[in-house]
1. For segment 35-84, please list each of the helices (runs of 4 or more DSSP H) lying entirely inside it that holds at least 1 residues being out of contact with any strand residue (DSSP E or B) (no Cβ under 9 Å at 6 or more places or on another chain) and modelled with pLDDT of 85 or more.
2. Restricting attention to segment 24-34, does a residue exist that is modelled with pLDDT of 85 or more, assigned to a loop (DSSP other than H, G, I, E, B), touching a strand residue (DSSP E or B) at 6+ places or on another chain (Cβ under 6 Å) and loosely packed, with under 14 Cβ neighbours inside 10 Å?
């Protein structure tokens, strides 16, 4: 998350990002930047119309669980509903 926040505020790389601001600040970031999303999962998400964090946020958690199973679906289906992003390193 620190790396991502720093990239939002170049060249100074100093930014305070409150949990409630996360959905708005990351909505246009491609899901491929999310820790754990490889090419295959990215392709599957794209087929479902999920290409950005904003798309992922709007997509029902239950549908992700049905499609990808509890581990993957639950991880990415709740990514900002609890004020956190999955994985501690956001960007690959």
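1. Details: elements: 39-47, 53-58, 61-68, 70-77.
Counting at least 1 such residues, we get 39-47, 53-58, 61-68.
2. Yes, that holds for at least one residue.
The values are calculated or read from the model by the stated rules, or taken from the named source; none is laboratory data. This is a predicted model, so every value here is computed, not measured. Cβ coordinates were reconstructed from backbone atoms using ideal geometry, including for glycine residues, and neighbour counts include every protein chain displayed.
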